[in-house]
Amino acid sequence: MINFTPLIRNHFLGRLHEHARYIDHADAVQQGELVRLVEKAALTRIGRKYDFSSIRTYRQFASRLPLYSYEGLQPHIMRMINGAKDELWPGRCINFAQSSGTSDGRSKYIPITSESFKWNHYQGSSDVVSHYLNLNPESRIFSGKAFILGGSFANNLQLKPGVKVGDLSANLIANMNPLANLMRIPSREVALMEDWTLKLPRLVDAAIGQDVTSLSGVPSWFLTVLREVLSKTGRSCIHEVWPHLEVFFHGGIAFGPYKQQYEGICDMSRMHFLDTYNASEGFFAVQSDWSSQAMLLLLDVGVFYEFLPVEQSDSDTPEVYPIWEIEQGRTYELIITAANGLWRYRLGDTVTIEQLNPVKVTIAGRTRSFINAFGEELMVHNADHAITLASRQTGAEVLNYTAAPVYSSSGQRGHHQWLIEFARGPQDQERFMQLLDQHLREVNSDYDAKRTGDIFLAPPSLVIAPNGLFDRWLASTGKLGGQRKVPRLNNNRTIIDQMLQLMNH
């Protein structure tokens, strides 16, 4: 295939001049986005309710609109699904991302308007390539095919004609520019297949024999696909199958727990990994420097950001800050206003501000994906960090994990129970858990205090999940595939008990 990279490179690198405005001018860029959003939606139902047409400043905006949870916007969204126009955004919306982001298993339906496709999701995807080409001047990424792993549409729902509900990735693939489709695999037919037991072998067949230069998807799902490719071809290194593969654009879950496994199947002298913050609700950030995992927050992609200090997340009257008032080193709950009609929306993610000029963030976790049963305040980024180090030190490879509290009873002390599916288990399970516990104590002072002397919190326990348990549980909920995932941490035992019951049967 002809290498189009030299012809296309300057188009992508030109975008970085616009990103240069993020330095010293984040306030102006973000205030411009806010004005663009409220002006566009002035005649919608929500725009008339809050008189968007008279809003000129951030303070006016913040004083009029409350913070919204999904439940607060749900009546509007359901009317949109049923065909209503001009609810949260002008016109009629026909695409919705079905998100499994709720800890209780209920689905959210996130609108994807034509503006959010154009201003945000596709622009964000393009910005990822821009930064990658800047970081890798020798790239030949457009000399081959992009292997994009996506989900499917929810074909079991009764919907109005023309309305599509499914994974974000399915919506993106279905609405992609035909020219871009020529540069990617698999075909749209295979990419949108719903049954993963049928889809996986079709994905493998579609990929073998292609000149794949890039991968895009969720690390856990792609690992399964790549191992199937290696199994079918009889190879041990994925670069023996695709010698020109050079980059994996990943997101959805933390890459740390999977890095060692990818290193084991890739020629690392030829491979790059670039992190993205890409959710059903929007494309928010991209890694822009090899030396740091912190991601550049995208400020001009149809999203206005607000930041709620994480320690005030449960307050009835929290203080909320625009980007020009945040502090480096603090962790905030992210609030978004976006071109998909989500207004002052509590996304449920927490981010740590790693740098201010330009603003760079790392994902700290979910506001509802944590364990605080004993005052330990254990967050997902603590767990990802600790399990990565414990795996590295014991030679283990973790495929999936979830954890939940076990409360004190007459027969046992309170502790955390970890359900882990290994690709390669540790030879010494007790040492693995000792190291996991040790590293959790190192990165979380609250957890360390509760573990001191084993008084308030006993050592964590391990249950090894049989191969495929996590996929079986997802399939039992109708959420297998795409970007669907089991919550890493839960403050109750609902999910882990369901999985243990499934394991026992």
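Any read-out appearing in this document is the output of simple, stated calculations on the displayed coordinates, not a laboratory observation. What you are looking at is a predicted structure, and each value in this text was computed from that prediction instead of being measured. Please note: Cβ atoms are built from the backbone with ideal geometry, for glycine as well, and neighbour counts cover all protein chains shown.
Overview of results
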{"quantity": "Segment residue 13-residue 463, extension gain: residue separation times 0.36 nm, minus the distance between their alpha carbons", "calculated": "157.2 nm"}
{"quantity": "Within region 282-312: backbone nitrogen closer than 18 Å to the residue 325 label point (7 Å, Cα to C-beta)", "calculated": "304-312"}
{"quantity": "Given charges at beta-carbon only (K, R positive; D, E negative), |dipole| of region 72-217 in Debye", "calculated": "320 debye"}
{"quantity": "Linear extension gain, residue 71 paired with residue 491, 0.36 nm per residue minus alpha-carbon span", "calculated": "149.2 nm"}
{"quantity": "Stretchable slack from residue 356 to residue 190, in nm (0.36 nm times residue separation minus alpha-carbon distance)", "calculated": "55.5 nm"}
{"quantity": "Mean separation of Cα contacts under 8 Å, 6 or more apart, over the residue count of the chain: relative contact order %", "calculated": "14 percent"}
{"quantity": "Hypothetical label at residue 424: residues of region 239-273 whose amide nitrogen lies under 14 Å (7 Å Cα-Cβ projection)", "calculated": "258-266"}
{"quantity": "Residues residue 291 and residue 431, FRET efficiency given R0 of 25 Å [Cβ-Cβ distance, rounded to 0.05]", "calculated": "0.20"}
{"quantity": "In order through region 362-372: 3J(HN,Hα) via Karplus (6.51 cos²θ - 1.76 cosθ + 1.60), integer Hz, x for Gly, Pro", "calculated": "10, 7, 8, x, 9, 5, 10, 10, 7, 10, 9"}
{"quantity": "Simple Cβ-charge dipole of region 1-365, Lys/Arg +1 and Asp/Glu -1, about Cα centre, in debye nearest 20", "calculated": "1180 debye"}
{"quantity": "Cut-off under 5 Å, modelled amide H: who pairs with residue 184 long-range", "calculated": "146"}
{"quantity": "Cross-link pairs 145/232; 160/485; 108/360; 164/259; 85/108 - those with Cα-Cα distance over 25 Å", "calculated": "160/485; 108/360; 164/259"}
{"quantity": "Neighbour net charge for residue 239 - beta-carbon separation under 11 angstrom, K R +1, D E -1", "calculated": "-1"}
{"quantity": "Sorted by Cβ neighbour density within 10 Å, fewest at the top, the residues 24, 167, 86", "calculated": "24, 86, 167"}
{"quantity": "Where labels lie 7 Å past Cα in the beta-carbon direction, separation of residue 314 and residue 57 in nm", "calculated": "3.5 nm"}
{"quantity": "Charge-dipole axis of the chain as Lys and Arg at +1 and Asp and Glu at -1 on Cβ define it, positive-most pick from 341, 420, 293", "calculated": "341"}
{"quantity": "Residue order, fewest to most surrounding Cβ atoms within 10 angstrom, among 313, 445", "calculated": "445, 313"}
{"quantity": "FRET efficiency, residue 235 to residue 198 (Cβ-Cβ, R0 25 Å, nearest 0.05)", "calculated": "0.60"}
{"quantity": "Positive-end extreme of charge dipole, region 1-365 - chosen from 304, 46, 95 (charges on Cβ)", "calculated": "95"}
{"quantity": "Which label in (1) 4, 19, 26, 21, 15, 10, 5, 1, 0; (2) 4, 18, 29, 28, 16, 4, 0, 0; (3) 3, 14, 19, 18, 14, 10, 6, 5, 4, 2, 2, 1, 1, 0, 0 gives the computed P(r) over Cα pairs in 10 Å bins from 0, in percent", "calculated": "(2)"}
{"quantity": "Structure-based [θ]222 nm, the chain - -39500 (n - 2.57) summed over DSSP H runs of at least 4, per residue, nearest 500", "calculated": "-10500 deg cm²/dmol"}
{"quantity": "Ascending count of other beta-carbon atoms within 10 Å, so fewest first, for 401, 321, 345", "calculated": "321, 401, 345"}
